[in-house]
1. Place a +1 charge on the Cβ of each Lys and Arg in the chain and a -1 charge on the Cβ of each Asp and Glu, then give the dipole magnitude about the Cα centre in debye, rounded to the nearest 20.
2. Quick one: putting +1 on the C-beta of Lys and Arg, -1 on the C-beta of Asp and Glu, what dipole do you get for the stretch 156-281 around its Cα centre, in Debye to the nearest 20?
3. How would you rank R241, R127, R24, going from fewest to most other Cβ atoms within 10 Å of each one's own Cβ?
4. Treat the count of other C-beta atoms within 10 Å as a stand-in for reagent exposure and order T192, T110, T165 from fewest to most.
5. Using Cα pairs closer than 8 Å and at least 6 residues apart in sequence, work out the relative contact order for the chain, in percent.
6. Can you tell me how much longer the chain between S157 and Q337 gets when fully stretched, taken as 0.36 nm per residue apart minus their C-alpha distance, in nm with one decimal?
7. Give me the three principal axis extents of the stretch 53-160 from the C-alpha atoms, as integers in angstrom, largest value leading.
8. Just rank S18, S130, S206, fewest to most, by other beta-carbon atoms within 10 angstrom.
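No value in this document is a laboratory result; all are computed from the given coordinates. All values reported here derive from a predicted model rather than from experimental measurement. So basically every Cβ, Gly included, is an ideal-geometry build from the backbone, and we count neighbours across all protein chains shown.
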Amino acid sequence: MRNRKLTWTFLFILLVASTAYVFRAPLSLWAAQRVIVQRMSSHPLKDLPDGLHIAVCGAGSPMPDEQRGGPCTLVIAGQQLFVFDTGNTSARNINKMGFNAGLIDGIFLTHFHSDHIDGLGELLLQRWVSNSNAQPVPVHGPEGVQTVVNGFMQAYSLDRGYRVTHHGDTVLPGSGFGALAKTFALQDDKATLVFQNADTQILAFSVSHAPIHPAVGYKIIYKDRSVVISGDTTPSAHVQREARGADVLVHEAMSMELMKLLQAGAQAAQRHKLAQLMKDITNYHTSPVQAAEIAQQAQVPYLLLHHIAPPLPLPGLVDVFLKGTSDVFKGTLQVAQDGDVLSLPAGQKVILKSHRF
Ligand SMILES: [Zn+2]
Ligand SMILES: [Zn+2]
């Protein structure tokens, strides 16, 4: 009796599976149609609680990494959308997380190392075409931002022409193409206010990424919540100063131990110049333990390690990366991955963690 029941169950599953296989094309079309409409009519900003949200659109470094794209942090302040650094996966990851690049209100660059700007062209394009924007997006940065913006505007000028000709100025206004560079000056003793409206303040402060000058970090305040983004830096007293009182510190982190492993590998392979390069880059970054010390000193409750270098392709390497951090930092520590989101609702102390891929 039991055997007969099992046989019928098996035959039923087989029938359903083979029918689904035979009709896979129309079924897929039906499913795709539903998802497309749902996706295009969704308004993720309206679904979020009022507050500050930090979404990781790139948690990696210039090194090729399967899990992490180039540095990019999306900060949602109320209904405003700001992007800090535009690494190579920025536009794709923003889209993958369900946010509309066409709604970006401003872009902020920490410095002009290639890994922080190599996704800018694509992000500017997506921002323009996804919402038929008639105004270019402001790109804020220290001295040098104009050069970067001019370069991308020139590189994309032919593409701009193609698209306006193809779609017409009503569908794609030529006036909305690209970016408007907004250069700000820095002060030694305090952060500079670079953006402000009713509930939002964005401040920039210098960090130590010598020989790269200028290099900055940012503090974003929305109502009673705040986040500090370190940018690329060695341990910086300015980051520590600004992080005091903040809810979250997003800090770059490089494992010196793992970098030594790469350096030794390059030496063993007789690639001496590559080995020297691996050695050089350790002198203008911060180790996870140093970032943890800064977070502890600043009494910040949540540390999100970002700009992760080198890549951590094996789970055990995350343990190596974090070695010693729990001895110095008593708050919550997270190693960022693309798609991670931290939500800080206004008027509360809570920090909610989610993942949007
Ligand atoms: Zn850098
Ligand atoms: Zn970098």
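1. The calculation lands at about 1380 debye.
2. 240 debye
3. The order, fewest Cβ neighbours first, is R24, R241, R127.
4. Listing T192, T110, T165 from fewest to most nearby Cβ atoms yields T165, T192, T110.
5. 16 percent
6. Full-extension gain reported as 61.4 nm.
7. Computed over the stretch 53-160, the largest-to-smallest principal extents equal 33, 29, 25 Å.
8. Neighbour counts put them in this order, fewest first: S18, S130, S206.
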